[in-house]
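Participant: Got a structure here, written out as structure tokens. Questions coming.
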Amino acid sequence: MSLVLPTRARSSAALILAGVLWGTGGLAGSLLGRLAGLHPLAVADYRLLVGGAVGIAFLKRGTLPRTPEAVKRILAVGGLFALFQASYFAAVALSSVSVATMTTIGAAPVIVTLASVRKLRRWTVVSVTGTLAGLVLLQWSPGEAISFGGLGFALLAAAGFATLTLVTAKPVEGLEPLSTTAFGCLTGGLLLLPAASWSGMAIPLHADVLALVCYLGAIPTALAYAAYLRGLADAHPVLGALSAVLEPLTAAVLSALLLGERLSVTAWCGAAVLVAALVVGYWRPEPR
């Protein structure tokens, strides 16, 4: 028992760290697009390319994927990164940031649960249901029109993220979380490069813009995904998908603190429900 608890605690901490860092990425990406006049696809591509470059810079020697299984995993992760980013930003363009984020992050745990759990446990149902309810309360906008195109792309992004979670839950020998993140991000960035180049990727060489590019690639991408993949190694995929809902929660709190955006009473209630649902998920996780 003494060996199990520290491992579970480290995995939970890594997943929580990933969710919180992803929340800062939304704010950084929005500021980058605004300051540099970039299309969302270009922001996503900079995020993946810089994240891959930063991750590779911190890899130890001899960490290149050498086995067929490792190469297949890198290609799969890169393709899923590209699918997730492109679909998510397409959903943002067709609907709104809040609706796209709520749908994507809210649907992912449901997809993972249905795909990976043979028999639903009561606490899993409570956690997933509470997560969805909290997200709706946190980002609910009464009277906002529904874009079915945006909804479709958001669900496609959720499927991509859920598949990424399920695929990477089983480690590949000789492939560490950081190397998976680094080469996966770089592969995904190269796959997105044609579409991003068509939208325009020129940026002004100003200190604030360059700092945002570096931060977006290094912290909420390279570090966050490495932490997420590290946490998945010893946690159930459902718990990993649930940790992603910390992204909109963190983004909402940061927007209120840094940008002066006021959260309604409904939003704060949603945040409380969200945190409670996550606590249930971490307290009573599904057996692997």
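The values are calculated or read from the model by the stated rules, or taken from the named source; none is laboratory data. Not measured: the values here are computed from a predicted model. Note: ideal-geometry Cβ built from the backbone for every residue, glycine included; neighbour counts use all protein chains shown.
Participant: Which numbered condition trips up G281, out of (1) under 21 Å from the mean Cα position of the chain (by Cα); (2) more than 24 Å from L31 (Cα to Cα); (3) at pLDDT 70 or above?
Facilitator: (3) is the only condition that G281 fails.
Participant: Quick test for you: out of G174, G150, G217, pick the one residue that is assigned to a helix (DSSP H, G or I) and modelled with pLDDT under 90.
Facilitator: Values: G174 fails: assigned to a helix (DSSP H, G or I); G217 fails: modelled with pLDDT under 90.
The conditions single out G150.
Participant: Now for a separate question. Could we say that R288 is assigned to a loop (DSSP other than H, G, I, E, B) and either at pLDDT below 70 or crowded, with 20+ Cβ neighbours inside 10 Å (or both) here? Give the derivation first.
Facilitator: Working: assigned to a loop (DSSP other than H, G, I, E, B): yes; either at pLDDT below 70 or crowded, with 20+ Cβ neighbours inside 10 Å (or both): yes.
So R288 fits the description; yes.
Participant: With respect to L132, is the statement that it is surrounded by fewer than 24 Cβ atoms within 10 Å (Cβ to Cβ), modelled with pLDDT under 80 and part of a helix (DSSP H, G or I) true? Please lay out each step first, then the result.
Facilitator: Values: surrounded by fewer than 24 Cβ atoms within 10 Å (Cβ to Cβ): yes; modelled with pLDDT under 80: yes; part of a helix (DSSP H, G or I): yes.
Yes: the conditions hold for L132.
Participant: A follow-up question, please. Between a first residue in region 157-174 that is on the phi < 0 side of the Ramachandran plot and a second residue that is in a helix (DSSP H, G or I) and of a type in the set (K, R), which pairs have beta carbons less than 8 Å apart while being 6 or more apart in sequence or on different chains?
Facilitator: Final answer for the pair search is V167/R73; T168/R73; V172/R73.
Participant: I've got another one for you. Is it true that V112 is in contact with a Pro (Cβ under 8 Å, 6 or more places away or on another chain) and either modelled with pLDDT of 80 or more or hydroxyl-bearing (S, T, Y) (or both)? Walk me through how you get there before you give the answer.
Facilitator: On the way: in contact with a Pro (Cβ under 8 Å, 6 or more places away or on another chain): yes; either modelled with pLDDT of 80 or more or hydroxyl-bearing (S, T, Y) (or both): no.
No: the conditions fail for V112.
Participant: Going residue by residue through region 188-201, is there one that turns out to be among the hydrophobic types (A, V, I, L, M, F, W, C) and without any contact (Cβ under 8 Å) to a residue 60 or more places away in the chain? Spell out the reasoning first.
Facilitator: Within region 188-201, the first condition is being among the hydrophobic types (A, V, I, L, M, F, W, C), and the residues that meet it are 190-193, 195-196, 198, 201.
When the remaining residues are screened for being without any contact (Cβ under 8 Å) to a residue 60 or more places away in the chain, the result is 198.
The answer is yes, given that some residue of region 188-201 is among the hydrophobic types (A, V, I, L, M, F, W, C) and without any contact (Cβ under 8 Å) to a residue 60 or more places away in the chain.
Participant: For K60, work out the one condition from (1) within 17 Å of the chain's Cα centre (by Cα); (2) charged (D, E, K, R); (3) surrounded by fewer than 17 Cβ atoms within 10 Å (Cβ to Cβ) it doesn't fulfil.
Facilitator: (1)
Participant: Quick check, is P204 of a type outside the set (K, R) and either over 30 Å from L64 (Cα atoms) or assigned to a helix (DSSP H, G or I) (or both)?
Facilitator: Values: of a type outside the set (K, R): yes; either over 30 Å from L64 (Cα atoms) or assigned to a helix (DSSP H, G or I) (or both): yes.
Here the answer is yes, as P204 does meet what is asked.
Participant: Can I ask one more? Being assigned to a helix (DSSP H, G or I) and in contact with an Asp or Glu (Cβ under 7 Å, 6 or more places away or on another chain) is the filter here; which residues of region 27-63 pass it?
Facilitator: The answer is L35, and nothing else.
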